[in-house]
Number of protein chains: 2
Amino acid sequence: MDRPAEFALIRRWLTGMDQGAGVVLGVGDDAAVLTPPADRHLVMTVDTLVSGTHFPEDADARDIGHRALAVSLSDLAAMGATPLWALLALTLPSADEPWLAGFVDGFSAQARLHGLALVGGNLSRGPLTASVQLTGHVPAGQWLSRGGARPGQLLLVSGTPGDAAGGLALWKTAPSPERDALLARYLRPSARVALGQAALGVAAAAIDISDGLLDDLAHLCEASGCGADVQPEALPLSPALLACFGRARATQMALRGSDDYELLLACAPESLPALQRAAAELVCPLTVIGRFETSAGIRINGEPLADTGAGGFRHF
Amino acid sequence: MDRPAEFALIRRWLTGMDQGAGVVLGVGDDAAVLTPPADRHLVMTVDTLVSGTHFPEDADARDIGHRALAVSLSDLAAMGATPLWALLALTLPSADEPWLAGFVDGFSAQARLHGLALVGGNLSRGPLTASVQLTGHVPAGQWLSRGGARPGQLLLVSGTPGDAAGGLALWKTAPSPERDALLARYLRPSARVALGQAALGVAAAAIDISDGLLDDLAHLCEASGCGADVQPEALPLSPALLACFGRARATQMALRGSDDYELLLACAPESLPALQRAAAELVCPLTVIGRFETSAGIRINGEPLADTGAGGFRHF
């Protein structure tokens with residue numbers, strides 16, 4: 001591909017996506033120039049998807065675009081932040097225009113949904129990798145962190161965990177309504193941005209489930225200096241997951257499976273009604289599945305886990 | 001590699017690098033929480049290095065760490081911005097601790113030099129790729145852009161362009177003082193951050209040389225809506241480049257070679273003394289090599305280039 005065509009590709013790819021709050025100078029210079037919102041803290045994160053590691057090599061470009069943005073949005077959601085600006089570093093084996101059009105389609109639909117401006121990008125040749133850096137904002141002095149859970153608080157999960165693991169397990173199987181629904185939850189996760197924002201000032205702590213519910217709960221407990229007891233029978237398992245795998249395996253997927261991008265929240269019992277009202281307004285399932293305790297570590301109905309780190313997604 | 005070891009690796013890797021101006025919550029949660037500086041615009045950029053595309057596959061980890069940060073710093077330099085925060089997305093084939101220690105060593109030395117805090121990171125398994133997102137700041141309403149050059153202004157270049165191309169051409173040759181000096185300029189470029197800051201309010205436009213002097217000058221001219229005439233005999237060629245390649249080839253390398261990460265600046269004649277004084281204080285070579293003109297396109301001593309886009313680095 002010659003050089004002018006490459007620049008045309010970059011221009012077409014980014015056109016119209018760099019408009020948004022605080023954007024003074026968007027795409028096209030050495031860097032973007034931005035006005036931070038007044039009286040707010042900024043929240044920043046970066047996440048990378050690697051082909052063959054974080055999604056199947058034959059996944060659809062549109063889904064990869066959706067997912068690349070959703071996994072980073074999920075980090076903002078876990079902080080209670082409002083999305084603001086994105087930078088996208090995309091590495092491609094070749095300048096495949098139809099592929100790029102699909103990727104941009106999936107990416108930009110998510111960006112529009114969350115009011116996010118794409119203010120910078122980098123397009124390189126190499127193995128397929130998409131790295132998305134996001135900036136969001138929270139009211140000054142107010143954000144959700146992993147470190148706020150305290151003994152006696154309730155443990156809640158959004159959505160129906162395990163669906164993503166179920167979908168991935170059915171990747172190569174024949175289409176069916178249940179299989180397709182689960183696969184969509186793996187390929188096109190919905191970052192719980194609105195729930196995170198609603199939980200600001202109400203929930204005590206939050207983390208998103210990327211590695212697996214028990215693994216991420218262990219991170220939250222470690223950061224909070226407490227432990228937790230989980231009641232697996234309270235897990236909100238989706239009808240599709242139950243239909244495809246049965247209760248025992250579905251429960252394991254909900255506890256151990258990765259890639260759900262749901263939120264785990266800690267909440268004082270007296271704040272539960274307010275949190276549940278907020279979730280109901282957003283039509284977002286939110287379920288109490290356990291309780292935080294003084295004693296460190298994770299327990300399942302009071303029984304300590306042999307290895308809280310096992311079963312989740314491994315980066316290495 | 002088991003999961004606790006991976007987390008230990010990430011922690012060790014990032015420890016102590018997340019301290020800096022405006023950092024409220026550094027590494028360890030779902031995202032960082034930051035306070036933007038008052039009365040400033042933020043400047044954001046992202047750049048990616050891919051092994052085998054942007055550096056030789058057998059390059060030293062320390063040099064890759066240095067270079068991954070320097071190429072993004074160069075974008076901030078071209079805007080006149082002061083570096084503030086970095087996020088690093090690193091993809092590695094395996095959890096090779098000595099490699100990672102070397103990379104961090106090279107990266108953190110550059111970060112310290114420029115007062116940059118590493119506020120977020122992502123470590124994935126996959127082909128070697130390093131993507132660095134940076135945030136800097138400029139006084140409100142004041143930044144260098146590509147679009148400010150006007151006919152009659154002077155064209156200046158920092159440092160000694162062509163050295164990086166010369167170094168890369170000598171990658172597999174026997175060590176010598178000249179070859180080693182040139183190779184260091186390719187592997188460990190010095191982003192001209194201080195020069196960019198000093199040029200704020202003095203220079204009219206800026207761009208960094210990543211694709212090659214003529215290619216990047218063409219971008220600057222296009223954004224500014226003017227043309228330029230370059231005098232190759234005015235190019236500041238380094239003694240090492242002249243010794244290794246002779247004047248004719250050294251001149252071609254300076255005009256066409258990529259990866260210099262020097263700055264091209266546009267400056268009104270009456271502002272030249274102030275700009276040269278600032279560069280002298282920084283001990284940074286800064287040389288007038290041409291002039292901006294009304295007529296579009298790039299000329300070499302008045303002769304139009306057949307193809308201004310040729311010879312630079314191609315991403316595809």
Starting from segment A:189-206, keep only residues that are on the phi > 0 side of the Ramachandran plot, then list their pairs with residues that are surrounded by fewer than 24 Cβ atoms within 10 Å (Cβ to Cβ) whose Cβ atoms are within a distance under 7 Å, requiring at least 6 positions of separation or different chains.
-> A:G201/A:Q142
Open to solvent by 10 Å² or more (accessible area, probe 1.4 Å), at positive phi and away from chain B (no Cβ under 14 Å) - does that describe any residue in segment A:110-119?
-> yes
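Yes or no, residue by residue, for (1) of a type in the set (K, R); (2) within 26 Å of A:A32 (Cα to Cα); (3) within 20 Å of the chain's Cα centre (by Cα):
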site	(1), (2), (3)
A:L92	no, yes, no
A:A101	no, yes, no
A:R112	yes, yes, yes
A:S124	no, yes, no
A:L156	no, no, yes
A:P161	no, no, yes
Residues being in contact (Cβ under 8 Å) with a residue 24 or more places away in the chain and either in a loop (DSSP other than H, G, I, E, B) or touching a helix residue (DSSP H, G or I) at 6+ places or on another chain (Cβ under 8 Å) (or both): count how many of those fall in segment A:26-43.
-> 7
First in segment B:96-109 and open to solvent by less than 10 Å² (accessible area, probe 1.4 Å), second anywhere and in a helix (DSSP H, G or I) and modelled with pLDDT under 90, Cβ under 7 Å, 6 or more apart | B:L100/B:L9; B:L100/B:W13
What about A:T160, is it facing chain B (nearest Cβ under 10 Å), β-branched (V, I, T) and under 30 Å from A:G102 (Cβ atoms)?
-> no
Test result for A:A266, within 23 Å of the chain's Cα centre (by Cα) and either within 20 Å of A:G80 (Cα to Cα) or part of a helix (DSSP H, G or I) (or both) = yes
At pLDDT 95 or above, within 24 Å of B:A234 (Cα to Cα) and in contact with a Ser or Thr (Cβ under 7 Å, 6 or more places away or on another chain), is that true of B:A191?
-> yes
All but one of (1) open to solvent by less than 10 Å² (accessible area, probe 1.4 Å); (2) within 17 Å of B:L134 (Cα to Cα) hold for B:V50; which doesn't?
-> (2)
Hey, can you tell me all the residues within segment A:135-158 that are surrounded by fewer than 24 Cβ atoms within 10 Å (Cβ to Cβ) and part of a loop (DSSP other than H, G, I, E, B)?
-> A:A140, A:G141, A:Q142, A:S145, A:R150, A:P151, A:G152
Does B:L87 satisfy the condition of being facing chain A (nearest Cβ under 10 Å) and part of a helix (DSSP H, G or I)?
-> no
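The values are calculated or read from the model by the stated rules, or taken from the named source; none is laboratory data. All figures in this text were calculated on a predicted structure; none of them were measured in a lab. Because the Cβ atoms are built from the backbone with ideal geometry, glycine has one as well, and the counts that use them run over all protein chains shown. Heads up: the accessible areas ignore ligands, DNA and RNA and are worked out on the full protein's heavy atoms, side chains in. Shrake-Rupley method; radii C 1.70, N 1.55, O 1.52, S 1.80 Å.
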